[in-house]
């Protein structure tokens with residue numbers, strides 16, 4: 001059973017400066033909920049009970065968000081705002097959440113290496129802390145776990161992207177073995193349109209077996225002098241069967257300003273409290289453009 005998750009959340013968030021100078025990008029809200037809370041909720045809905053977050057300097061707010069807040073809880077109780085009190089308490093009770101510090105920003109691969117002691121000899125999932133994924137078939141992380149239970153090997157979430165955009169992503173080189181599962185031969189980081197073996201891009205959710213740590217330890221710094229997870233994956237697939245899973249749904253990249261604004265609008269339209277009013281306003285506003 002897959003019960004452990006790792007959420008890397010140590011990056012500087014430079015694309016959101018100056019907002020991220022003292023506030024983690026993972027705490028930027030979509031409507032009224034921090035991005036990283038949505039990520040944790042996805043993990044919990046997938047059956048995960050133990051979560052390790054990799055954090056860095058300036059990320060203390062993430063720890064505080066998932067901790068109890070007795071003063072706030074007492075204030076809400078005194079005001080008889082019991083609905084909000086229940087929501088606040090639920091945040092700290094969702095899962096067993098642990099934290100470890102990545103003291104230097106040496107890449108995603110290095111961040112994952114910090115989870116070795118937490119993971120032990122168990123399979124585990126990775127959810128990037130600044131990206132949301134939604135699927136009509138349920139939590140994407142749960143779908144990865146289902147494929148792992150069938151194939152007994154690492155599984156990477158994939159999304160179809162426009163062929164002209166493949167140079168922005170890591171993509172899989174593989175062969176379809178079912179409607180939504182690909183057996184990987186290689187992983188190519190940001191290929192040119194001409195060199196791309198497919199338009200199936202890695203989509204910020206991974207399920208690995210512990211062997212990935214052995215490959216990460218041997219991986220030399222690559223692009224930006226950082227340890228790249230994709231480099232370790234390329235070596236691992238030579239000796240261990242690996243799979244990709246195409247999910248039906250959408251990935252929301254909160255790591256850039258335009259993606260953040262689009263996500264807030266889409267989530268706002270679905271929000272039962274403000275959705276109808278926002279839709280009406282958008283129609284009026286669009287008519288003025």
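Brief remarks follow.
- Which listed residue, of 76, 72, is more than 22 Å from residue 252 (Cα to Cα), part of a helix (DSSP H, G or I) and in contact with a helix residue (DSSP H, G or I) (Cβ under 6 Å, 6 or more places away or on another chain): 76
- Selection of the range 183-228 for residues being part of a helix (DSSP H, G or I) and either out of contact with any strand residue (DSSP E or B) (no Cβ under 8 Å at 6 or more places or on another chain) or closer than 14 Å to residue 159 by Cα (or both) yields 211, 212, 213, 214, 215, 216, 217, 218, 224, 225.
- You will find that of 110, 67, the residue that is in contact (Cβ under 8 Å) with a residue 24 or more places away in the chain and surrounded by 17 or more Cβ atoms within 10 Å (Cβ to Cβ) is 110 and no other.
- Residues being modelled with pLDDT of 90 or more and buried (at least 19 other Cβ atoms within 10 Å of the Cβ) - total across the range 167-187: 6
- Subset of the range 97-126 (residues that are touching a helix residue (DSSP H, G or I) at 6+ places or on another chain (Cβ under 9 Å), more than 22 Å from residue 223 (Cβ to Cβ) and not in a loop (DSSP other than H, G, I, E, B)): 97, 98, 99, 100, 116, 119, 124, 125
- Residue-level check: of (1) farther than 28 Å from residue 180 by Cβ; (2) surrounded by 12 or more Cβ atoms within 10 Å (Cβ to Cβ); (3) touching a residue at least 12 places away in the same chain (Cβ under 8 Å); (4) more than 22 Å from the chain's Cα centre (by Cα), residue 275 misses just (3).
- Out of 56, 13, sole residue that is at pLDDT below 90, closer than 20 Å to residue 254 by Cβ and touching a strand residue (DSSP E or B) at 6+ places or on another chain (Cβ under 7 Å): 56
- Yes/no for residue 156 being in contact with a strand residue (DSSP E or B) (Cβ under 8 Å, 6 or more places away or on another chain), at pLDDT 90 or above and surrounded by fewer than 19 Cβ atoms within 10 Å (Cβ to Cβ): no
- On the stretch given as the range 81-96, residues that are in contact with a helix residue (DSSP H, G or I) (Cβ under 6 Å, 6 or more places away or on another chain) and either assigned to a loop (DSSP other than H, G, I, E, B) or closer than 20 Å to residue 3 by Cβ (or both) total 2.
The values are calculated or read from the model by the stated rules, or taken from the named source; none is laboratory data. Every value quoted in this text rests on a predicted model; they were computed, and no experiment measured them. Cβ: placed from backbone, ideal geometry, glycine included. Neighbour counts: every protein chain shown.
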